[in-house]
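The next block holds one structure in the form of structure tokens; read it before the comments.
Just so it is clear, none of the values below were taken in a lab; they were calculated from the coordinates. Only a predicted model underlies this, so the values are computations on that prediction, with no experimental measurement involved. For neighbour counting, all protein chains shown are included, and Cβ atoms are generated from backbone atoms with ideal geometry for every residue, glycine included.
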Number of protein chains: 2
Amino acid sequence: MQLSEAQRRYVETARVGRLATADGDGRPHAVPICYTLVDEQIYTPLDEKPQSVEATELRRVQNIRENPRVTLVVDHYTEQWDNLGWVQLRGTADILSANEPTHDEPVSALRAKYDQYASHELEHRPLIRIELGSARSWGRLDRPAD
Amino acid sequence: MQLSEAQRRYVETARVGRLATADGDGRPHAVPICYTLVDEQIYTPLDEKPQSVEATELRRVQNIRENPRVTLVVDHYTEQWDNLGWVQLRGTADILSANEPTHDEPVSALRAKYDQYASHELEHRPLIRIELGSARSWGRLDRPAD
């Protein structure tokens, strides 16, 4: 799969995306995620588990186990609708456990992108890994200032 | 279905949400949408059809016809992660054609919320209507200033 340069830059610099999964019966689910793009794969950590998000967290993981097909949409909103834009990435997800050697590089990339992860124990948390399949985009990917 | 007052205010005032659908085979899809909340139902217009979005547009409608279950996630991102928050709304979608009498009220509500729709011929465009089933939320719904 090939991202265009504009798509890649847009996805790399965005701070948040929304991940759509679906359970084995096809019921869709969506959550905002922080992520990094490394070697044509998207990585996002499973959250630490305050009680309040546990059910959502479990649903996301269970959906991926039942049905690994996912879509990540990265977009920006502006009141200047001529300046809207988005990138949709379809792919196949799995769970990368913390003890796998390939876990280190995406953890470093997440920390490089988000200072906030300095205080999170990402080393010990599984990641969702998304092997990208296809990309589609629309509108302005250069996020013009309004 | 009952939204709490905080959830309702959060959903009503947000300018954009992300709608997850899935096709008959359970492949999820997600797009940013503008929407309005009227009488426990979410309404979003089908886009006018510039060539570039037509395939996405068709997929969204086809997914809803194959599988009416959808999830709308409304969230805000901030670098102060203690201030993050979201509302997830699950529901059942259908397509409301422009000649139905119940089409008028959501069109007025969309115009009241978004000045941008003044120049769009919403009267002649179908709406996606989502009957809300359940709501879940997390984090700060008062969008504190950073």
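Here is how the numbers come out for the structure above:
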quantity	calculated
Where only alpha carbons of the stretch A:1-90 are counted, the Rg and the Dmax (Å)	14.3, 41
Calculated FRET efficiency for the pair B:VAL61/A:ALA118, C-beta based, R₀ 41 Å, to 0.05	0.40
Copies compared at A:VAL16 - label distances in nm, ascending, label defined 7 Å from Cα in the Cβ direction	1.1
Vicinal HN-Hα couplings computed from phi for the stretch A:107-120 (Karplus, 6.51 cos²θ - 1.76 cosθ + 1.60; Hz; Gly/Pro x)	5, 4, 5, 5, 6, 5, 7, 10, 4, 4, 6, 4, 9, 10
Cut-off of 10 Å, at most 16 other beta carbons, DSSP loop: longest stretch of chain A lacking such GluC sites (Glu not before Pro)	A:80-120
Linear extension gain, B:GLU40 paired with B:THR78, 0.36 nm per residue minus alpha-carbon span	10.9 nm
Cα-centre dipole for the stretch A:5-139 with unit charges at Cβ (Lys and Arg positive, Asp and Glu negative), debye to 20	300 debye
Hz values of 3J(HN,Hα) by residue in the stretch B:132-145 - Karplus curve (6.51, -1.76, 1.60), Gly and Pro given as x	6, x, 8, 10, 9, 9, 8, x, 8, 9, 9, 6, x, 5
Length-normalised contact order for chain A - Cα pairs under 8 Å, 6+ apart - percent	30 percent
Other copies of B:VAL61: label-to-label distances in nm, shortest first, labels 7 Å along the beta-carbon direction	4.1
Per residue, the convex hull volume that the Cα atoms of the protein assembly as shown enclose (Å³)	132 Å³
Using a 7 Å Cα-to-Cβ projection, A:GLU79 label spacings across copies, nm, ascending	2.4
Helical mean residue ellipticity (222 nm; -39500 (n - 2.57) per DSSP H run of 4+; nearest 500) of chain B	-6500 deg cm²/dmol
Cα-based convex hull volume of the stretch B:89-143 per residue, rounded to whole Å³	97 Å³
Residues whose placed amide H lies under 5 Å from that of B:ILE33, excluding near-sequence neighbours	B:GLY17, B:ARG18, B:LEU19
Positive dipole terminus of the stretch B:11-146, leading residue within B:THR78, B:SER108, B:GLY26 (C-beta point charges)	B:GLY26
Hz values of 3J(HN,Hα) by residue in the stretch B:59-71 - Karplus curve (6.51, -1.76, 1.60), Gly and Pro given as x	5, 4, 5, 5, 4, 5, 5, 6, 8, x, 6, 9, 10
At R0 = 35 Å, FRET efficiency that the Cβ-Cβ distance of A:GLU100 and A:ALA6 yields, to 0.05	0.60
Anisotropy class of the stretch A:23-146 from Cα gyration tensor, a/c 1.5 cut	prolate
